[in-house]
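First the structure, in the form of structure tokens, and then the observations on it.
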Amino acid sequence: MRNKAAAATHHRLIYLLSVAQRRLQRWMAAQPSSEVTPAQAGLLFILGKQDGVLMGEAGAALDMGPAGISGLVDRTAVAKLVERRADREDGRAWRVWLTSKGRTALAQAKADAAGINAALTDGFTSAEIDVVARWLTSIQNKFPRDPTRDSED
């Protein structure tokens, strides 16, 4: 059964989603074990699945445009977690690779994410979490990324 518009406005979903995102980001960044920012952790997760990914592919996976992914890779490279190398077949393209320090940070980020996910799902059934995940995923489909705003990260 679909929610009625009046019932949906009562929940203040925009406000709740915005506050939840900000609080979670701040909390994650303030953790003493957190050597990386949440955005950097996202990049490390992508490279953990496929090391040497093209920057554009990493940006697309993180819902970032060229300027955003470039800045993120720059900051992550300065932290010596990744390195950027020219693509062998296309001199205009760049690939991103994990460093040894980046692999260690990735392992810590995975452990941290498991703990955070456990806290986020505590008190909810698997079926309830499935609905939340489906709802959050639907937002991406209903409101696609604006390609003209490519500096976000």
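The values are calculated or read from the model by the stated rules, or taken from the named source; none is laboratory data. Here the structure is a predicted model, which means the values were calculated and not measured. Counting neighbours? That spans all protein chains shown, and the Cβs are built from the backbone with ideal geometry, glycine included. These area figures cover heavy atoms from the full protein model, side chains too; ligands, DNA and RNA do not enter into them. Shrake-Rupley method; radii C 1.70, N 1.55, O 1.52, S 1.80 Å.
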*Considering region 43-52 alone, what residues qualify as being in contact (Cβ under 8 Å) with a residue 24 or more places away in the chain and either surrounded by fewer than 20 Cβ atoms within 10 Å (Cβ to Cβ) or among the hydroxyl-bearing types (S, T, Y) (or both)?*
F45, G48, D51, G52
*Restricted to region 70-93, and to residues that are among the hydrophobic types (A, V, I, L, M, F, W, C) and within 15 Å of P38 (Cβ to Cβ), which residue is surrounded by the fewest Cβ atoms within 10 Å (Cβ to Cβ)?*
A79
*Between residues in region 94-116 that are more than 14 Å from A29 (Cα to Cα) and loosely packed, with under 15 Cβ neighbours inside 10 Å and residues that are modelled with pLDDT under 90 and hydroxyl-bearing (S, T, Y), which pairs lie under 9 Å by C-beta distance while being six or more apart or on different chains?*
A111/S33
*Being at pLDDT below 95 and either part of a helix (DSSP H, G or I) or among the acidic types (D, E) (or both) is the filter here, so list the residues in region 71-90 that pass it.*
D87, E89, D90
*Considering each of D51, D63 in turn, give the residue that is over 22 Å from A118 (Cβ atoms), touching a Lys or Arg at 6+ places or on another chain (Cβ under 6 Å) and assigned to a loop (DSSP other than H, G, I, E, B).*
D63
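Going through G59, G65 one at a time, which residue ends up being open to solvent by less than 40 Å² (accessible area, probe 1.4 Å), in contact with an Asp or Glu (Cβ under 7 Å, 6 or more places away or on another chain) and either modelled with pLDDT under 95 or over 20 Å from E35 (Cα atoms) (or both)?
G65
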*Test S34 against the criterion of being outside any helix (DSSP H, G or I), under 26 Å from G115 (Cα atoms), out of contact with any Pro (no Cβ under 8 Å at 6 or more places or on another chain) and of a type outside the set (D, E, K, R), and give yes or no.*
yes
*When both residues are 6+ apart or on different chains and their Cβ atoms are under 6 Å apart, which pairs have a first residue that lies in region 14-31 and is within 16 Å of F143 (Cβ to Cβ) and without any contact (Cβ under 8 Å) to a residue 60 or more places away in the chain, and a second that is in a helix (DSSP H, G or I) and of a type in the set (D, E, K, R)?*
none
_One residue from Q25, Q40 being within 17 Å of the chain's Cα centre (by Cα), open to solvent by 30 Å² or more (accessible area, probe 1.4 Å) and either closer than 30 Å to W135 by Cβ or of a type in the set (K, R) (or both)_ = Q25
